[in-house]
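Here the structure is laid out as C-alpha cells; the discussion comes afterwards.
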Ligand SMILES: Nc1ncnc2c1ncn2[C@@H]1O[C@H](COP(=O)(O)OP(=O)(O)O)[C@@H](O)[C@H]1O
Ligand SMILES: [Mg+2]
C-alpha cells in the first residue's frame with residue numbers, strides 16, 4: 001500500500017475537541033489494547049468530532065463510513081469492477097483501513113443491516129482478520145488497525161438494534177450533550193459568537209431537552225446550537241436564527257413548535 005494512501009487519510013490539523021470527562025485517556029488506553037470501541041449517545045453530541053480528535057492525537061489515519069440501510073457487505077469490504085482490461089478488485093473502506101492500520105469509524109452502525117454487521121466479527125476478536133470471500137483472500141489486520149462504531153441508543157427499535165454477539169465485542173463510552181459551561185464554550189469557540197449569546201442558546205437547548213419523551217424524539221443537539229451560532233455570527237437576527245436551526249428541524253408538531261418558540265422568546269427578543 002503506497003505511502004500516499006496512508007497520508008490521504010491522516011487528520012492533518014488538530015480538530016477542536018473539548019473533553020468532557022476522562023474520555024480521552026480512556027480511549028487512549030483502549031487504543032493501546034487495540035480494543036474495538038463503541039461510542040454511544042444522541043445525534044450531534046460530539047462523537048464524530050471525538051474520533052477525529054483521537055485519530056489526530058494518536059497520529060493514525062481515519063476512515064469514516066456513514067452506514068445506511070442500503071449498505072451491503074461489499075460496500076464495506078470491496079468488489080470486483082469491470083474496466084477496459086477486464087476485472088479489477090477494489091478494496092472497500094473497511095479493507096483499506098485493515099490494510100493500512102487506520103482507525104475505521106462506522107458511523108450509525110445500527111442503520112446497517114445485520115448481515116452487513118456480522119462481517120466485522122472476525123475483525124473484532126482475537127482473530128483480527130477480514131475474509132474477502134469473493135476474492136478468496138484473508139486479510140490480517142495491520143497491528144495499528146482499530147474499529148470504532150457509533151450507536152444512538154435513542155433510535156433503537158427491536159428491528160434495529162445490534163445483536164448481543166456484536167455488542168459484546170466492544171468497549172463502550174457513553175456520550176451526552178456537554179455540561180452547560182462546556183457546551184457554552186464549544187458553541188462560542190465553534191462559531192465566534194460571544195459567550196453570553198452562546199449561553200442563551202444552551203439554555204434554550206436545556207428547555208427543549210426536557211421535552212424529550214414528552215413530544216420530542218430528541219433534544220436540541222450541540223450541532224444545532226452550532227448552526228444557530230453560525231447564523232447569528234453571520235448577522236442573522238437571533239430569533240430567526242433560532243427558529244431556523246433549533247425549532248423547524250426538530251418537529252412538525254404545531255404545539256411543540258409553539259413551545260420551542262416560547263423558549264426562544266424567553267432568551268431573545270426580536
Ligand atoms: N466536545 C466537543 N468539542 C468540540 N466540539 C463539539 C463537542 N461536542 C460537540 N461539538 C460540536 O458539535 C458538532 C456535532 O458533533 P458531532 O461530533 O458531529 O456529533 P455526533 O457524531 O455525535 O452526531 C461538532 O461539529 C462540533 O461543532
Ligand atoms: Mg456523527
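Go through (1) in contact (Cβ under 8 Å) with a residue 40 or more places away in the chain; (2) within 10 Å of ligand 1 (Cβ to nearest atom) for residue 49 and report which single condition fails.
Answer for residue 49: the failing condition is (1).
In this structure, is residue 203 over 20 Å from the mean Cα position of the chain (by Cα) and touching a residue at least 60 places away in the same chain (Cβ under 8 Å)?
Values: over 20 Å from the mean Cα position of the chain (by Cα): yes; touching a residue at least 60 places away in the same chain (Cβ under 8 Å): yes.
When the stated conditions are applied, residue 203 passes them.
When the residues of region 13-35 are narrowed to those that are part of a loop (DSSP other than H, G, I, E, B) and in contact with a helix residue (DSSP H, G or I) (Cβ under 8 Å, 6 or more places away or on another chain), which ends up surrounded by the fewest Cβ atoms within 10 Å (Cβ to Cβ)?
In the first step, residues of region 13-35 are kept if they are part of a loop (DSSP other than H, G, I, E, B); the result is 13-22, 33-35.
If we keep only those that are in contact with a helix residue (DSSP H, G or I) (Cβ under 8 Å, 6 or more places away or on another chain) as well, we get 13-18, 20.
On the way: 13: 6, 14: 10, 15: 15, 16: 11, 17: 18, 18: 15, 20: 18.
The selected residue is 13.
If I ask for residues that are surrounded by fewer than 21 Cβ atoms within 10 Å (Cβ to Cβ) and more than 20 Å from the chain's Cα centre (by Cα), which ones from region 169-187 would you list?
Result: 180, 181, 185.
Take region 53-99 and flag every residue that is part of a helix (DSSP H, G or I) and surrounded by 19 or more Cβ atoms within 10 Å (Cβ to Cβ). Break it down into steps so the answer makes sense when it comes.
Our first condition is that a residue be part of a helix (DSSP H, G or I); within region 53-99, this holds for 53-58, 73-77, 93-99.
53, 54, 55, 73, 76, 77, 93, 94, 95, 96, 97, 98 - these are the residues of region 53-99 that are part of a helix (DSSP H, G or I) and surrounded by 19 or more Cβ atoms within 10 Å (Cβ to Cβ).
Could you check how many residues of region 122-165 are closer than 18 Å to residue 105 by Cβ, touching a helix residue (DSSP H, G or I) at 6+ places or on another chain (Cβ under 7 Å), more than 16 Å from ligand 1 (Cβ to nearest atom) and not in a loop (DSSP other than H, G, I, E, B)?
Adding up the residues that qualify gives 4.
What is the one condition in (1) away from ligand 1 (no atom under 16 Å from the Cβ); (2) crowded, with 17+ Cβ neighbours inside 10 Å; (3) under 20 Å from the mean Cα position of the chain (by Cα) that residue 40 does not satisfy?
Going through (1) away from ligand 1 (no atom under 16 Å from the Cβ); (2) crowded, with 17+ Cβ neighbours inside 10 Å; (3) under 20 Å from the mean Cα position of the chain (by Cα) one by one, residue 40 breaks only (1).
Only one residue in 176, 125, 144, 185 is within 16 Å of ligand 2 (Cβ to nearest atom) and either under 22 Å from residue 61 (Cα atoms) or in contact (Cβ under 8 Å) with a residue 40 or more places away in the chain (or both), so which one is that?
Result: 176 is the single residue among 176, 125, 144, 185 that is within 16 Å of ligand 2 (Cβ to nearest atom) and either under 22 Å from residue 61 (Cα atoms) or in contact (Cβ under 8 Å) with a residue 40 or more places away in the chain (or both).
For region 219-240, enumerate the residues that are buried (at least 20 other Cβ atoms within 10 Å of the Cβ) and within 21 Å of residue 255 (Cβ to Cβ).
Correct list: 219, 220, 224.
Condition check: within 15 Å of ligand 1 (Cβ to nearest atom) and either without any contact (Cβ under 8 Å) to a residue 60 or more places away in the chain or part of a loop (DSSP other than H, G, I, E, B) (or both). Does residue 118 satisfy that?
On the way: within 15 Å of ligand 1 (Cβ to nearest atom): no; either without any contact (Cβ under 8 Å) to a residue 60 or more places away in the chain or part of a loop (DSSP other than H, G, I, E, B) (or both): yes.
No.
Across region 83-117, what is the total count of residues that are in contact with a helix residue (DSSP H, G or I) (Cβ under 6 Å, 6 or more places away or on another chain) and within 16 Å of ligand 2 (Cβ to nearest atom)? Steps first, answer last, please.
Start the filter on region 83-117 by keeping residues that are in contact with a helix residue (DSSP H, G or I) (Cβ under 6 Å, 6 or more places away or on another chain), which leaves 92, 94-95, 100, 103-105, 116-117.
From what's left, within 16 Å of ligand 2 (Cβ to nearest atom): 103-105.
Number satisfying all stated conditions: 3.
Values quoted throughout were computed directly from the atomic coordinates according to the rules given, and no laboratory measurement underlies them. Keep in mind the model is a prediction, meaning the values are calculated, not measured. With ideal geometry, Cβ positions are generated from the backbone for all residues, glycine too; neighbour counts draw on all protein chains shown.
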